[in-house]
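Bear in mind these aren't lab numbers, they're just calculated from the coordinates by the rules spelled out. All of these numbers come straight from a predicted model, not from anything done at the bench. Cβ placement follows ideal geometry from the backbone for every residue including glycine, while neighbour counts extend to all protein chains displayed.
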Amino acid sequence: MLQMFHSTIAYAVLALLLVSTINAFMGISAKRNFTKKDRSLALVALIFSHIQLVVGLALWFNSPVGKAALGQMSNPALRLTAMEHPLINIIALVLITIGWSKHKKEESSNGKFKKIAYLYAIGLVLILSRIPWNLWFPAS
């Protein structure tokens, strides 16, 4: 059940991060004011990302596959799910969280948008780079 929840909420996290990042880049290019809607969108993406991280860590610590695979780092598929996926996603979440924290200290709307746009985008790319796509779209 935890695995299914982790996989299902992943779609929402990816969509929210993508929309929030695009919204921030559009805010930069349009030179518009940073509004409550922009803040809320970035916050919801942050919250869902953190929920996904907590569920993923719970899954990793409770799964016999996660810990058992640590001894089999020569297998690329096991290395991805046991080490690379969790580690890179933690780094991505740190960057997203830094983007959120830094935006709050900015005075200008452009600065707020830039912090969210760049750090959320880097986080999103990192997350996308370590998704076990073979588990999402198994070969027929």
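Tabulated values for the structure
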quantity	calculated
19 Å Cα-Cα reach of residue 37 towards lysines, excluding residues that sit fewer than 8 places from it in its own chain	102, 104, 105, 112, 114, 115
Residue range of the chain that is longest and free of trypsin sites (Lys or Arg not before Pro) which are both DSSP loop and sparsely packed (at most 16 other C-beta within 10 Å)	33-140
Loop GluC sites (Glu not before Pro), the range 34-118 (other Cβ atoms within 10 Å of the site Cβ: 16 or fewer; DSSP)	106, 107
Student exercise, the chain dipole from Lys, Arg, Asp, Glu Cβ charges, in Debye to nearest 20	520 debye
Positive-pole candidate from 111, 19, 80, dipole of the chain, charges at beta carbon	111
